[in-house]
Amino acid sequence: MASIHKELIIDAHPEVVWSVLSDYGAVHERLAPGYVTDTHLNSDTRTVTFADGTIVLERLVDLDHQAMRVAYTVIGGSLHPSHHHASMQALPEADGRTRFVWHTDVLPDALAAPIAESMEHGSAVIRRALEAARPGS
């Protein structure tokens with residue numbers, strides 16, 4: 001199984017970052033605008049449309065407000081992994097900053113390279129969005 005791991009230091013308070021991460025149905029508006037162009041939430045499953053035309057159905061696995069961690073799995077759409085599990089977490093750092101951790105496990109291994117590339121691009125967009133977020137936004 002392939003594992004892809006990204007960590008970024010975000011110049012924003014963890015509570016602000018968590019406010020954005022925990023808004024599960026607003027990825028296209030708050031977390032990754034432009035990288036994600038649309039998100040539709042139906043119960044615990046969101047349909048996510050990426051700028052490159054990829055569409056995935058992601059089921060919420062866990063939304064842990066205490067740990068400031070969201071976990072999800074791809075269950076359909078353009079990608080067809082036999083296994084996919086991802087999580088994003090906001091961890092407190094010094095000076096009111098946040099360590100943003102994004103981890104994805106995926107099978108088959110052949111999906112690792114395109115997912116890693118997508119996560120690399122997405123991380124830059126996410127950094128900008130999180131650093132621009134304001135408390136209560």
Q: State whether the residues of segment 22-29 include one that is open to solvent by 60 Å² or more (accessible area, probe 1.4 Å) and over 14 Å from Glu131 (Cβ atoms).
A: yes
Q: Test His80 against the stated conditions and say whether it is loosely packed, with under 13 Cβ neighbours inside 10 Å and farther than 21 Å from Ser3 by Cα.
A: no
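Being in a strand (DSSP E or B) and in contact (Cβ under 8 Å) with a residue 60 or more places away in the chain: is that true of Val106 here?
On the way: in a strand (DSSP E or B): yes; in contact (Cβ under 8 Å) with a residue 60 or more places away in the chain: yes.
Yes.
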Q: Select from segment 92-134 the residues that are of a type in the set (Gly, Ala, Ser) and surrounded by 15 or more Cβ atoms within 10 Å (Cβ to Cβ) and list them in ascending order.
A: Ala112, Ala116, Ser118, Gly122, Ser123, Ala129, Ala133
Q) When you scan segment 70-91, how many residues do you find that are within 15 Å of Val20 (Cα to Cα) and touching a Ser or Thr at 6+ places or on another chain (Cβ under 6 Å)? A) 2
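The values are calculated or read from the model by the stated rules, or taken from the named source; none is laboratory data. What you are looking at is a predicted structure, and each value in this text was computed from that prediction instead of being measured. In this analysis, Cβ positions are derived from the backbone assuming ideal geometry, glycine residues included, and neighbour counts consider all displayed protein chains. Remember, those area values only see protein heavy atoms, side chains included, never the ligands or the DNA or RNA. Shrake-Rupley method; radii C 1.70, N 1.55, O 1.52, S 1.80 Å.
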